[in-house]
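Some notes on the structure that comes next.
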Amino acid sequence: MQRRLLITGGAGFIGSNFVHHWCETYPSDRVVVLDALTYAGNRATLNDLDSHDNFRFVQGDICDRPMVDQLLAEEQINTVAHFAAESHVDRSILGPDAFIRTNVVGTFTLLEAFRHHWTGRGQLESDRFLHVSTDEVYGSLEADDPAFSETTPYAPNSPYSASKAGSDHLARAYFHTYGMPTLVTNCSNNYGPYHFPEKLIPLMCINILLGKPLPVYGDGQNIRDWLYVKDHCTALDVVIHKGQTGETYNVGGNNEVKNIDLVHMLCDLMDDLAPNLPVRPSRQLITFVKDRAGHDRRYAIDANKIKTQLGWTPSVTVDEGLRQTIEWFLSHEEWWQPLLSEDYQAYYQKVYA
Ligand code: NAD
Ligand code: DAU
């Protein structure tokens, strides 16, 4: 069957990687991207797809119900892959409003619109609504705790993770109450091409290139489980095609790394790969700064369910993935340089001054 996808947030980091993955893997499927182009969305990331027959980009807000209704109907959408969100924890601490609006109200708007559309289509069993979420909904682990599984109770700690938790519950409820074919994925930290500069890995790479301080929060001992973004895309592909509706799947990289160790790896790789660094060795730039409020100590994902039930495992090691990511940032300065705008500098001042 031809999948006709509505991909929300497709101009952001993971969404754009997923759009490229889908258009390359399934060229005869229809791909419609809906993205509001907030500070985190970048139309240029999708420019190469404008010549693709089955690709369409629509600038719009997921909270705009009449527009979403019209798009679902006119494109005869049978699959929603919902990435659109406010995604940065530090911004949610500075101003949570947009997080509640987009992540909770926006997800609710999409679910409601799709429920009416799906009902009008005769509640087809092959339709899908994939809600892309995060491991942060499970809260924070101590050093010896077992990794998050799908049955770990929710305990979100930031306005961002609380808003994602709310949207996960809505997606689950739409299956339970209406039988709507929803699926939820909870994934660990992604990295790779098209990652917005505010997040740890691109921020460190760009600051090394500019000879700026590398701000490590607190004692640098917080742990994240890193997954190369292209592996996340293959996991979502498998969940759409083979996942059991109403189910949740955890997605992770089996790559738990302390922040300070990750920053050391990035510094050493940059020293190796970048020819003209203003400061070398880059480790000299590391600066410990005030900790993030409510900073979660450790995330780790138990991805056994998606492995045993759907046959997915990550394929890229953190060493390979970081090298590829650095090479991408080194050869795509025209992509990231314009993102260091006045607005971005103002945000940077607020967080790091
Ligand atoms: P991102 O911030 O890079 O991109 C978000 C995109 O959503 C942007 O293109 C933005 O313009 C768009 N958007 C925001 N508000 C919108 C609205 N109201 N209407 C339409 N579009 C809107 O985010 P990302 O890192 O690519 O994350 C994508 C999804 O994956 C999010 O739901 C996030 O919670 C989840 N996730 C992210 C990670 C990660 O490590 N980045 C890990 C697990 C899950
Ligand atoms: O776990 C999945 C989540 O990963 C996603 O849901 C979020 O959308 C995504 O932003 C990411 O959240 P984190 O807060 O873990 O990612 P971030 O890159 O902001 O930070 C990673 C770690 O690095 C975290 O412990 C905070 C720390 N950090 C971050 C920045 C930006 C620093 O020490 N210094 C920094 O300047």
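The values are calculated or read from the model by the stated rules, or taken from the named source; none is laboratory data. This one's a predicted model, so the numbers in the text were calculated from it and none came from an experiment. Glycine gets a Cβ as well: all are built from the backbone with ideal geometry, and neighbour counts include every protein chain shown. For accessibility, only protein heavy atoms count, side chains too; no ligands or nucleic acids. Shrake-Rupley method; radii C 1.70, N 1.55, O 1.52, S 1.80 Å.
Taking the criterion of being open to solvent by 10 Å² or more (accessible area, probe 1.4 Å) and in contact with a Cys (Cβ under 8 Å, 6 or more places away or on another chain), would at least one residue in the stretch 144-163 satisfy it? Within the stretch 144-163, none of the residues are open to solvent by 10 Å² or more (accessible area, probe 1.4 Å) and in contact with a Cys (Cβ under 8 Å, 6 or more places away or on another chain). Residue count for the stretch 164-183, restricted to those that are assigned to a helix (DSSP H, G or I) and open to solvent by 20 Å² or more (accessible area, probe 1.4 Å): 9. Restricting to the stretch 296-326, what's the tally of residues that are open to solvent by less than 50 Å² (accessible area, probe 1.4 Å) and either among the β-branched types (Val, Ile, Thr) or over 20 Å from His195 (Cβ atoms) (or both)? Residues flagged as open to solvent by less than 50 Å² (accessible area, probe 1.4 Å) and either among the β-branched types (Val, Ile, Thr) or over 20 Å from His195 (Cβ atoms) (or both) within the stretch 296-326 amount to 12.
Annotation note: of Val216, Val238, the sole residue that is of a type in the set (A, V, I, L, M) and closer than 16 Å to Arg283 by Cβ is Val216. Val132 meets all of the listed conditions (1) within 13 Å of ligand 2 (Cβ to nearest atom); (2) touching a residue at least 60 places away in the same chain (Cβ under 8 Å); (3) touching a Lys or Arg at 6+ places or on another chain (Cβ under 9 Å) but one, namely (3).
Being away from ligand 1 (no atom under 15 Å from the Cβ) and aromatic (Phe, Trp, Tyr) is the requirement here; does Tyr39 meet it? Before you say what the answer is, go through the steps one by one.
Values: away from ligand 1 (no atom under 15 Å from the Cβ): no; aromatic (Phe, Trp, Tyr): yes.
Spelling it out, it is not the case that Tyr39 is away from ligand 1 (no atom under 15 Å from the Cβ) and aromatic (Phe, Trp, Tyr).
Counting residues in the stretch 274-294 that are within 30 Å of Asp127 (Cβ to Cβ) and in contact (Cβ under 8 Å) with a residue 12 or more places away in the chain gives zero. For the stretch 230-282, a residue qualifies if it is away from ligand 2 (no atom under 15 Å from the Cβ), in contact with a His (Cβ under 8 Å, 6 or more places away or on another chain) and not in a helix (DSSP H, G or I), and exactly one does: Gly246. For the stretch 84-98, check the following and say yes or no: at least one residue is closer than 26 Å to Tyr174 by Cα and of a type in the set (Val, Ile, Thr). No. The sole residue among Ile201, Ile206 that is within 10 Å of ligand 2 (Cβ to nearest atom), part of a helix (DSSP H, G or I), open to solvent by less than 10 Å² (accessible area, probe 1.4 Å) and within 26 Å of His21 (Cα to Cα) is Ile201.
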